[in-house]
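The values are calculated or read from the model by the stated rules, or taken from the named source; none is laboratory data. Keep in mind the model is a prediction, meaning the values are calculated, not measured. With ideal geometry, Cβ positions are generated from the backbone for all residues, glycine too; neighbour counts draw on all protein chains shown. Keep in mind that these areas ignore ligands, DNA and RNA; they rest on the heavy atoms of the full protein, side chains included. Shrake-Rupley method; radii C 1.70, N 1.55, O 1.52, S 1.80 Å.
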Amino acid sequence: MTTQKIYNTPFWLLCLSSLLFFGSFNMIVPELPAYLTSLGGAEYKGLIIFLFTVTALLSRPFSGKLADRIGRKPVIMTGAMVCFVCSLIYPVLTTVMGFFLLRLMHGFSTGFTPTGQAAYLSDVIPANRRGEAMGILATAGSLGTAVAPAIADPIVRHFGLHVMFYCSSGAAIISMLVVLGIKETLDEKHPFGIGLLKVKRSDLFEPRVLKPAVVMFLSVCAYGAILTLLPDFGTYVGMHNKGVLFTYFTVAILFVRLLAGKASDRYGRAPVLLIVTFVIAIAMLVIAFAHDQTQLSVGIILYGLAYGATSPTLLAWATDLSDEHHRGRGIATLYIAMELGIGIGALVSGWLYGNDHTHFLHAFAFCSAMSVLAFVYLLFQRSTKKVSV
C-alpha cells in the first residue's frame, strides 16, 4: 500500500481537527495558575490538572464503548463540544468552587476526542504503518499544543483573559466542524440509547493492553508535574512569557514524533520505550536541579524529546494488542492509565511543591523515580520474554 493511499484527505482533516482541539484546551493552561490565584485559590494549584484528569479518566470507558457502538465521529465531536462550552463559561465564574467544577466538566473533552481519533486512525491504517501514522496524528496535536500557549500570553496582555477564553472556544468549534468532512469508519453502527451508558466490568479494562498501560501510567506522571508546576517554575527563574516553556517542550516533541513512530514500526515498541523512559528519568533530574532559564529550558527540551516518542509508540502498541472489534475499549484502557498517571503526577507534585520554590527538587525527583520504574518494568518483561514487540 502506498503512502498516498494511506494518508488521504480524511486523514489530514482528522489531523487538522486534532491540532485545533489540542490547541483549544492547552491555550489556557499557562494562565490558569495565576487565574486561580486571583480567585483566592493559590494553595490548590495541584487540583487544576488533577480535576481535569479525573473526569477524563471516568469518561474513558464510556467513550471507548460508544466509539465501538455508535461511531468514531460522534465521540470525537462530543469532546470538542465540551471544550467549546467550557471555554465560554470560564469568564463567567468568579469563585474557586465554580472554577473547580468547570475543570471537572472540561476533563470530559479529552476523555472523548482522543479516544475517537485513535480508534478512527486504527481503522484506516495498516498495522505495519500504525506507529508512523500515530506519530503524524500526535504531531498535529502537538502543533496545537505548541502554538496555542505561546499566543495566549500576548492575547491576555493586550486583550485580557476573557478574549483568550473565547479564542479557545473558537478553536474547539472549528475542530468539531472539520470532523463533519470525514466519513465514519465503523461498519456496524448502533443507535444511541441509555443502555450504552451502562458500563460493565469488561468495559473498564482491556487485559490485552496491560503492559503498555503500566508503562503509560508510570511515565506520564512527569507530564502531570510539568503541566502543574512549569508556569510557577518559569516565573521563579525569571521567564515572563510562561507559554515559551511550553513551546520549547512541544517543538521538541514535534522534532522526534515522526522518527519515533517509524522507529517503533521497524525495531519494535518495547526497545523504543526503554530508551525514552530512561531519558524521561534523566530529564526530570535536570529540571529538578535547574536554577536558571537555560538549565530549565534544557531540561524541558530533553523531556519533550522523550515524551514525544512515548505517546505514539504506546498507542501503536495498544492497538496492536487490542481485539479488532474492541479497539475503542483497548485505546480507552490506555488512556485511563494515562489520565491516572497525569492526575497522580499533578496531585503529588503539587503537594510536594507546596508553593515553596525550594521544593521543586522533591516534586521532579518523584517523577524521575516513576519513570525509572517504567524502565525497570520493561526490562523485566523483556528478560522474561513477555514483550513481543
Query raised in the report: When you take every Cα atom in segment 92-152, what is the radius of gyration, and what is Dmax, the widest Cα pair distance, in Å?
Result: 16.2, 50
Requested in this report: Once you have a ≥ b ≥ c as the square roots of the Cα gyration tensor eigenvalues for segment 267-389, tell me rounded if a/c is under 1.5, and otherwise prolate or oblate according to whether a/b is larger than b/c.
Outcome: prolate
Query - Inter-probe distance in nm under a simple model that places probes 7 Å from Cα toward Cβ, at Leu379 and Leu177 - result: 5.3 nm
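Can I get the semi-axes of segment 33-174's equivalent ellipsoid? Compute them from the C-alpha gyration tensor as square roots of 5 times the eigenvalues, in angstrom, largest first.
On the way: eigenvalues 177, 64, 35 Å².
Rounded to whole Å, the semi-axes are 30, 18, 13.
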Requested in this report: Given the options Ala67, Ala148, Ala290, state which has the largest fluctuation in a GNM of the chain using a 10 Å cut-off (strictly under) for Cα springs.
Outcome: Ala290
Report task. Classify segment 293-344 as rounded, prolate or oblate from the Cα gyration tensor: take a ≥ b ≥ c as the square roots of its eigenvalues, call it rounded if a/c is under 1.5, otherwise prolate when a/b beats b/c and oblate if not. Result -> oblate
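Using 0.36 nm per residue of separation minus the Cα-Cα distance, give me the extension gain between Asp292 and Thr95 in nm, one decimal.
Computed gain between Asp292 and Thr95 is 67.5 nm.
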Query raised in the report: Add -39500 (n - 2.57) for each DSSP H run of 4 or more in the chain, then divide by its residues: what number comes out at 222 nm, to the nearest 500 deg cm²/dmol?
Result: -26500 deg cm²/dmol
Report task. With a 1.4 Å probe and every protein chain left in place, tell me how much accessible area Thr235 has, in Å² to the nearest 10. Result -> 90 Å²
Requested in this report: Consider all pairwise Cα distances in segment 67-126 and report the whole-number % of them above 15 Å.
Outcome: 53 percent
Query raised in the report: Can you pull the percent of Cα pairs in the chain with separation above 39 Å?
Result: 10 percent
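Under the rule that an exposed site lies in a DSSP loop and has at most 10 other Cβ atoms within 10 Å, name the longest stretch of the chain with no GluC sites (Glu not before Pro) of that kind, not counting the sites themselves.
Working: sites that count: Glu188, Glu324.
Between exposed loop sites, the widest span is 1-187.
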Query raised in the report: If packing is taken as the mean number of other Cβ atoms within 10 Å per residue, what is the order of 51-58, 12-19, 312-319, highest first?
Result: 312-319, 51-58, 12-19
**Report entry** Karplus (6.51, -1.76, 1.60) ³J(HN,Hα), θ = phi - 60°, over segment 101-113, in Hz, Gly and Pro reported as x
**Finding:** 5, 5, 4, 4, 5, 4, x, 4, 4, 6, x, 10, 4
